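The values are calculated or read from the model by the stated rules, or taken from the named source; none is laboratory data. Note that this is a predicted model, so its numbers are computed, not measured. Glycine also receives a Cβ, built like all others from the backbone with ideal geometry; neighbour counts cover every protein chain displayed. Heads up: the accessible areas ignore ligands, DNA and RNA and are worked out on the full protein's heavy atoms, side chains in. Shrake-Rupley method; radii C 1.70, N 1.55, O 1.52, S 1.80 Å.
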Amino acid sequence: MRLITGKIAIDGSMAYVSQQPWIFNATFKENILFGLQFDKQLYEKCIHASCLQDDVDILPNGSETEIGERGINLSGGQKQRVSLARALYAGNNIYLLDDPLSAVDTHVGQHILKHYVMDALHGKTVLFVTHQLQYLRGCDKILVVQDGRIHESGTHQQLINYGGHYANLIKRFHSKEVTELNNTIDSISNINTAVSVDAYATCAHSDSSMSLSNTSRISFGIPHDNKKEESGKLMTKEEQAEGGVKLATYHAYIQYGGGYLISIFTIFTIVIVTGCVAASSWWLGYWIAHTTNQDTNSTYTNETLTTGFITENTDTAYFGYAYSIIIVIMITFAIVKCVLYVKITLKAATRLHNEVFKKVFQSPMTFFDTTPSGRIINRFSKDLDEVDVHLPINMTQTITLFCTILFYFLSISLVFPWYLLAFILFSIVFLVAFSYFRHAMRDLKRLDHISRSLWLSHMTATTQGVSTVRAYGKQGEFSKRFADLVDCNSVPFVLFYLTNRWVAVRLDVIGMITSFIAALMTVLTHGHVPPSYSGIALSYAVRLTGALQFLVRMIADCEARFSSVERIQYYIKNLISEGPAVTENRPPDNWPHAGTIELQELKMRYRENLPLALRGVSCKVESMQKIGIVGRTGAGKSSLGACFFRLRELNSGAIYIDGINIATLGLQDLRSRLTIIAQDPVLFVGTVRYNLDPFKQYSDDEVWSALEKCYMKDTVRELEYKLNAPVVENGENFSVGERQLLCMARALLRKSKIVMLDEATASIDTATDSLLQQTIRDAFQDCTMLIIAHRLNTVLNFDKIMVMDKGKVVEFDKPSILLANTNSKFSSLMSAAETNGYID
Ligand SMILES: Nc1ncnc2c1ncn2[C@@H]1O[C@H](COP(=O)(O)OP(=O)(O)OP(=O)(O)O)[C@@H](O)[C@H]1O
C-alpha cells in the first residue's frame, strides 16, 4: 500500500503472516523454508513452535509431502500454522502476525502463544493483530484501532483503568462469557442429581446409535489402516499425446462443426471458388489466344504475331458473358463459403468450449486437488484461442492453397503435359519433406502447450500471494523463476518457427526447380503453344514456388494446431464427472421439511492411498437442533461439511436427511436445499447484490434486511453504488470479516432448513460476533444448524456439542453434560480457553 501522507520508519527485517494464509504448490518443507537453506535444528524448532508435529506425522510423506495450490490438501488451521512456521524460519526482527490464531483450537492457540510468541519470538518485535481478546493480556502494548485510527493505546491494565472502548469490550466480552458459562454451569447443577443417569443414558444411546467410544475417553491413536500416498506427490503429470494427431480428433472436430455433409459441402464451395479463379484466368488466356488467332491467322511465333485488341474481337460479347458467368459463380460460392465456413468453425469452437467447460465444472474436487490451475487456464486460454482464432484461418488457407496448387498443376500440365511427370516427382519430394518435419512441428507445439501451463500456474500463485512475496522481499526470486519458466516455454515456441523457416528454405529450392522446368518448357515448346497459355503456365509455375512451400508448412501447422483440439478433447473424454445433477429419485419439493440428520459410520478419504480423514462418524441430529462442532485443527470438521454437500464422496457409510439417503439424490437437488458458509469466505466478481442474490430471487428490501441482520447494512449503505457496488476478485475490496458477514447474509436469504457454518465468524471482532450469535439464534431459529467453531463461547449454549478428533466423533452431548465430566475432551478444551484468559 502507498501512504498518502505520513511516514513509517522500520529498523529491521519484516516477517508477515497474512490473515488468509498463502500456501503455494511445493512440498510442505519448501513452504516453510521459502527459498532459504535447510537447517534441521531451526526447522524442527519452527515445527514445534507452530504446533505442526502431529500434522507432519499424518502427512503421507511427512515434510516432503507435496502441498497443492492454495494449500488445498491442508486444513484451515494447518495452513495458518505453516504460514507461522515460515515467518519464524525467516528469522527476521519484526513480526507482523495478522489474526493468525483465528483458525486454530484453544489447545493449539495456547501452544502457539507460549512456544511461538513468548519463547521463539522472545526479544523480537511482534505486531499481533487479533479479534480474540483473550490473547491481549500478555501484550506489552495494546492499540485499539477504530475507523482507521488508533483510538486507545497502552497496556492491558492501563486501558482497563482508562475505561474506554477496550475496557468496555473486555467487560462485555467477559460478562457474556461468564453468563454463558454460568448458564451452562447452572444447568449442570440443575441436573446435578440426574447427571449420572442422564449421562449414562446418553452414553448408552450413543453406544448403540452413534458408535461413540465413550463420551469422556479420547483415542488419539494415529490410524494404521492406510498406506501412505506414494512419495507424497499430489499433482498429476500433464498428459502429452504421442505420434500424429489421431483421426478421431479430426472426426470429433468435424462432428462438433455440424457433421460430414456440411463440411464436405463447404470444402466443395472452396474448390469451386478456387476453380473459378483458375478458370477465369484460363478464359482470359483463351480469349486473348482467340483474338490473336483472328488477327494474325498465323502460327504462335513471335516474328509473325501482331497483337490484336480484345475489344476488336468479333466474339467479345460471347467471351465477356462467359467470363461474367464465371465471376458471378465465383462470388456466389465465395459468399456461401464464407457463411458456411464461419458457421461450422464457430460452431465447432463453441461446442468444444461448452463441452470442456461443462466437464471441468462437473469434475470432482479431487481433480482440482491434483491439477495445477495453470493447466486449466491454459486449456481455456491458449488452446481455445487456437481453436477459435488460428485454426479456422489456418484451415481455410490450407484448403484454398491446396486447391489453388492443384489448379496450377492442372493448368500447367494442360499446357505442358510433360510437367505431369515433374509433378509426380515433386509430390514425392514434398511428401518426404513434409513427413520429416511435421513430427517436429507437432511435438514442438505440444511442448509449447505443456510448458505454458507451468508459468501460468506460477503467475497465478504469485499474484495470489503477492503481499507475502513482497513482505519477505522475494520478488527477485519469484521474478527469476517466472523468467526461467517463460524461457522454458519460449524454446519450443522459437524452435517451432525455426523449423518452419528451415523447411521453407528447402521447399523454396525445390519450388525454384519447378519454375525452372516450366520456363524451360516454354522455351522448348516455342511456336507450338499459344503465348497466352505459356504466359499463364509460366506465371503459375513461378507462383507455385511460394505456394507449395507455404502449403506444406500450412498442413504441418494445421496439424500442430489440431493438438489443441486434441488436448481439449482429452478433457472432454477423460475427466470423470461428479454424480448427476438430477436423478430419478427426486426429493419432495419441501425437502428437508424437518431438518433431521443421521450420520451412519461415515468413512472418507481424500484420495486413494491417503489415510481416512473421517473414520466412522456416526450421530443423530434432531430437527432444529443447533450443534457446535469443535476439535483440534485437522480433526476432520470441514471434511464432514464437505461430505454433506457431496464435495467428497464417502468411502462407506451414509448420511440421511429427513430419512433420505443423500447419496441417492442428484447433486443439484441436494446442494440447492442446503446452505454452507465455507471456512474461506467466497465472493465473486460482480456487485454486492449479485453476491447475495445471484439468481435475482429476492426483493431489495429482503436483501437489505439480510444485510441489517448481519450488521453490514451501514457498510454497504456507505458505498457509492450501495447494493450495486462492485466486488472485485475474491472480494479483496472487503475485509475478511466483512466477507464473512456478506456470506452470512447470503445464507440468511436462502432460508434453507439445514445450515452449516464452518468457522464463519472466525475473522469477525468479538463485539460483532456476539451480536451475530444472537442473529444466528433468531434468524435461523427454525433451522438445523451445524456450526464449526474454535471460539468455544459461541457454541456454549447450543443444544449439543460434537467434539471431533482424528476423524472421529469422540464426544457428542449437551454442553452441560460434557462440562460436568471433568475428564471430557470438551472440558479440557474449555479449561485451555480459561487458561488463555478466554473465560475469566
Ligand atoms: N484436499 C485434501 N486432500 C488431502 N488431505 C486433506 C484435504 N483436505 C484436508 N485434508 C486433510 O484432512 C484432515 C482433516 O482436514 P479438515 O479440513 O477436515 O480439518 P478441520 O478439522 O476442519 O481443521 P481446521 O480446524 O484446521 O479447519 C487434515 O489432516 C488435512 O490435512
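Would you mind listing the helices (runs of 4 or more DSSP H) fully within the stretch 317-431 where at least 1 residues are closer than 30 Å to R70 by Cβ and in contact (Cβ under 8 Å) with a residue 24 or more places away in the chain? It would help to see each step written out before you state the result.
Numbers: elements: 365-370, 373-378, 391-415.
Ranges flagged: 365-370, 373-378.
Does R561 satisfy being modelled with pLDDT of 85 or more, away from the ligand (no atom under 16 Å from the Cβ) and touching a Leu at 6+ places or on another chain (Cβ under 9 Å)? Yes: the conditions hold for R561. Just give me the residues in the stretch 660-692 being in contact with a strand residue (DSSP E or B) (Cβ under 6 Å, 6 or more places away or on another chain), away from the ligand (no atom under 16 Å from the Cβ) and assigned to a loop (DSSP other than H, G, I, E, B), in sequence order. Across the stretch 660-692, the qualifying residue is only L683. Just so you know, in the stretch 387-399 the residues that are open to solvent by 50 Å² or more (accessible area, probe 1.4 Å) and not aliphatic (A, V, I, L, M) include one that is nearest to T350 (Cα to Cα), and it is D388.
Scanning the stretch 771-812 for residues that are within 13 Å of the ligand (Cβ to nearest atom) and of a type in the set (D, E) returns a single hit, D805. Among the residues of the stretch 764-779, those identified as polar (S, T, N, Q), under 34 Å from the mean Cα position of the chain (by Cα) and farther than 15 Å from I627 by Cα are T766, T768, T775. Looking at the stretch 703-719, can you tell me whether even one residue there is outside any strand (DSSP E or B), within 16 Å of the ligand (Cβ to nearest atom) and open to solvent by less than 40 Å² (accessible area, probe 1.4 Å)? No, the conditions are met nowhere in the stretch 703-719. Is at least one residue of the stretch 588-597 surrounded by 17 or more Cβ atoms within 10 Å (Cβ to Cβ), more than 16 Å from the ligand (Cβ to nearest atom), modelled with pLDDT of 90 or more and in a strand (DSSP E or B)? Yes, some residue in the stretch 588-597 is surrounded by 17 or more Cβ atoms within 10 Å (Cβ to Cβ), more than 16 Å from the ligand (Cβ to nearest atom), modelled with pLDDT of 90 or more and in a strand (DSSP E or B).
Look at F402 and say whether it is farther than 18 Å from I510 by Cα, of a type in the set (F, W, Y), touching a helix residue (DSSP H, G or I) at 6+ places or on another chain (Cβ under 7 Å) and surrounded by 15 or more Cβ atoms within 10 Å (Cβ to Cβ). Lay out the reasoning, then the answer.
Numbers: farther than 18 Å from I510 by Cα: no; of a type in the set (F, W, Y): yes; touching a helix residue (DSSP H, G or I) at 6+ places or on another chain (Cβ under 7 Å): yes; surrounded by 15 or more Cβ atoms within 10 Å (Cβ to Cβ): yes.
Criteria not met by F402.
Restricting attention to the stretch 447-456, which residues are buried (at least 20 other Cβ atoms within 10 Å of the Cβ) and in contact (Cβ under 8 Å) with a residue 60 or more places away in the chain? Reasoning before the result, please.
Let us first name the residues in the stretch 447-456 that are buried (at least 20 other Cβ atoms within 10 Å of the Cβ), namely 448-449, 451-456.
Listed by number, the residues that qualify are H449, R452, S453, L454, W455, L456.
Taking the criterion of being touching a residue at least 24 places away in the same chain (Cβ under 8 Å) and among the basic types (K, R), the only residue of the stretch 475-511 that qualifies is R506. Looking only at residues in the stretch 56-81 that are surrounded by fewer than 24 Cβ atoms within 10 Å (Cβ to Cβ), outside any loop (DSSP other than H, G, I, E, B) and among the β-branched types (V, I, T), the one that is farthest from the ligand (Cβ to nearest atom) is V56. Can you say whether D383 is buried (at least 20 other Cβ atoms within 10 Å of the Cβ), of a type outside the set (A, V, I, L, M, F, W, C) and closer than 26 Å to F493 by Cβ, as far as the supplied structure shows? So D383 fits the description; yes. Evaluating E732 against the criteria (1) open to solvent by 10 Å² or more (accessible area, probe 1.4 Å); (2) modelled with pLDDT of 90 or more leaves one unmet condition, (2). Residues satisfying the criterion are absent from the stretch 438-445 (criterion: open to solvent by less than 20 Å² (accessible area, probe 1.4 Å), modelled with pLDDT under 85, part of a helix (DSSP H, G or I) and closer than 30 Å to T522 by Cβ). With respect to the conditions (1) surrounded by fewer than 23 Cβ atoms within 10 Å (Cβ to Cβ); (2) under 26 Å from D105 (Cα atoms); (3) among the polar types (S, T, N, Q), Q781 lacks only one, and its number is (2).
Any idea which of I627, I657 is away from the ligand (no atom under 11 Å from the Cβ), surrounded by 22 or more Cβ atoms within 10 Å (Cβ to Cβ), among the β-branched types (V, I, T) and within 25 Å of F780 (Cβ to Cβ)? Before you say what the answer is, go through the steps one by one.
Details: I627 fails: surrounded by 22 or more Cβ atoms within 10 Å (Cβ to Cβ).
Of I627, I657, the one residue that is away from the ligand (no atom under 11 Å from the Cβ), surrounded by 22 or more Cβ atoms within 10 Å (Cβ to Cβ), among the β-branched types (V, I, T) and within 25 Å of F780 (Cβ to Cβ) is I657.
If you check L36 against the conditions, is it assigned to a loop (DSSP other than H, G, I, E, B) and within 16 Å of the ligand (Cβ to nearest atom)? Break it down into steps so the answer makes sense when it comes.
On the way: assigned to a loop (DSSP other than H, G, I, E, B): yes; within 16 Å of the ligand (Cβ to nearest atom): no.
When the stated conditions are applied, L36 does not pass them.
Condition test on G6, is it in contact (Cβ under 8 Å) with a residue 60 or more places away in the chain, open to solvent by 50 Å² or more (accessible area, probe 1.4 Å) and not in a helix (DSSP H, G or I)? Write out each step before concluding.
Values: in contact (Cβ under 8 Å) with a residue 60 or more places away in the chain: no; open to solvent by 50 Å² or more (accessible area, probe 1.4 Å): yes; not in a helix (DSSP H, G or I): yes.
Taking the combined requirement at face value, the residue does not satisfy it.
Exactly one residue among K358, K343, K337 is open to solvent by 60 Å² or more (accessible area, probe 1.4 Å), over 21 Å from the mean Cα position of the chain (by Cα) and of a type in the set (K, R), and that residue is K343.
If you go through the stretch 457-468 one residue at a time, do you hit one that is open to solvent by less than 50 Å² (accessible area, probe 1.4 Å) and out of contact with any Phe, Trp or Tyr (no Cβ under 9 Å at 6 or more places or on another chain)?
Narrowing the stretch 457-468 to residues open to solvent by less than 50 Å² (accessible area, probe 1.4 Å): 457-458, 460-462, 465, 468.
Filter once more, keeping what is out of contact with any Phe, Trp or Tyr (no Cβ under 9 Å at 6 or more places or on another chain): 457, 460.
Yes, the stretch 457-468 contains a residue that is open to solvent by less than 50 Å² (accessible area, probe 1.4 Å) and out of contact with any Phe, Trp or Tyr (no Cβ under 9 Å at 6 or more places or on another chain).
Scan the stretch 598-605 and tell me whether some residue there is under 27 Å from the mean Cα position of the chain (by Cα) and open to solvent by less than 20 Å² (accessible area, probe 1.4 Å). Yes, because at least one residue in the stretch 598-605 is under 27 Å from the mean Cα position of the chain (by Cα) and open to solvent by less than 20 Å² (accessible area, probe 1.4 Å). Of the residues L640, L650, L614, only one is among the aliphatic types (A, V, I, L, M), part of a loop (DSSP other than H, G, I, E, B) and within 16 Å of the ligand (Cβ to nearest atom); which? Within the list L640, L650, L614, the selection yields L650.
For the criterion of being over 16 Å from G631 (Cα atoms) and buried (at least 19 other Cβ atoms within 10 Å of the Cβ), L748 passes.
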